[in-house]
1. Are there any pairs with C-beta distances below 6 angstrom linking a residue in segment 1-25 that is polar (S, T, N, Q) and at pLDDT below 95 to a residue that is in a loop (DSSP other than H, G, I, E, B) and open to solvent by less than 60 Å² (accessible area, probe 1.4 Å), with the two at least 6 apart or on different chains, and if so which?
2. For the list (1) surrounded by fewer than 16 Cβ atoms within 10 Å (Cβ to Cβ); (2) closer than 16 Å to Arg108 by Cβ; (3) hydroxyl-bearing (Ser, Thr, Tyr), I need the number of the one condition that Ser30 fails.
3. Report whether or not Ala23 is of a type in the set (Gly, Ala, Ser) and open to solvent by less than 20 Å² (accessible area, probe 1.4 Å).
4. Residue by residue through segment 41-57, note down the ones that are among the small types (Gly, Ala, Ser) and exposed (fewer than 10 other Cβ atoms within 10 Å of the Cβ).
5. All but one of (1) in a loop (DSSP other than H, G, I, E, B); (2) within 27 Å of Ser122 (Cα to Cα); (3) without any contact (Cβ under 8 Å) to a residue 60 or more places away in the chain hold for Phe47, so report the exception by its number.
6. Is at least one residue of segment 99-110 of a type in the set (A, V, I, L, M, F, W, C), surrounded by 13 or more Cβ atoms within 10 Å (Cβ to Cβ) and either in a strand (DSSP E or B) or in contact with a helix residue (DSSP H, G or I) (Cβ under 9 Å, 6 or more places away or on another chain) (or both)?
7. Quick check on segment 111-122: of everything there that is outside any loop (DSSP other than H, G, I, E, B) and within 19 Å of Ser30 (Cα to Cα), which residue is modelled with the lowest pLDDT?
8. For segment 85-98, name all the residues that are open to solvent by 70 Å² or more (accessible area, probe 1.4 Å) and assigned to a strand (DSSP E or B).
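The values are calculated or read from the model by the stated rules, or taken from the named source; none is laboratory data. As the structure is a prediction and not an experimental result, all values here were calculated from the model. Note that each Cβ is placed from the backbone with ideal geometry, even for glycine, and that neighbours are counted across all protein chains shown. With ligands, DNA and RNA removed, areas are computed over all heavy atoms of the protein, side chains included. Shrake-Rupley method; radii C 1.70, N 1.55, O 1.52, S 1.80 Å.
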Amino acid sequence: QVQLLESGGGLVQAGGSLRLSCAASRRAFSTYVIGWFRQAPGKEREFVAGSGYTTFYADSVKGRFTISRDNAKNMVYLQMNSLKPEDTAVYYCAAGVCSGAGCHDVARYNYWGQGTQVTVSS
């Protein structure tokens with residue numbers, strides 16, 4: 001069974017930092033690419049960052065966000081620095097099978113967490 005559970009969201013001022021955590025079941029962690037996505041009100045869900053054999057990022061977060069994995073704990077983290085109001089969204093952890101640019105595609109991910117709200121105030 002594949003389970004994903006996000007935590008760490010909250011309210012932060014622009015320029016601040018947050019770290020999101022995704023607790024993944026062992027099967028999810030060892031079998032799938034783990035990605036972070038976000039969805040702002042009225043907008044489509046969009047790719048943020050992913051971790052498989054390599055890490056990869058959306059252009060909008062490169063240099064500000066860092067995805068990392070703790071293999072011993074089956075955890076994936078998203079460290080978010082220099083946050084901007086436009087980063088405000090519900091952030092989701094997801095697991096899927098993909099490679100290369102395909103890992104930016106929402107449709108490649110079959111399993112999703114419940115999401116955690118990130119709000120950045122100006």
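1. Gln3/Ser25; Ser25/Val2
2. (2)
3. no
4. The one that is among the small types (Gly, Ala, Ser) and exposed (fewer than 10 other Cβ atoms within 10 Å of the Cβ): Gly42.
5. With (1) in a loop (DSSP other than H, G, I, E, B); (2) within 27 Å of Ser122 (Cα to Cα); (3) without any contact (Cβ under 8 Å) to a residue 60 or more places away in the chain applied to Phe47, the lone miss is (1).
6. no
7. Out of the qualifying residues, it is Tyr111.
8. Initially, segment 85-98 is screened for residues open to solvent by 70 Å² or more (accessible area, probe 1.4 Å), giving 86, 97.
Within segment 85-98, none qualify.
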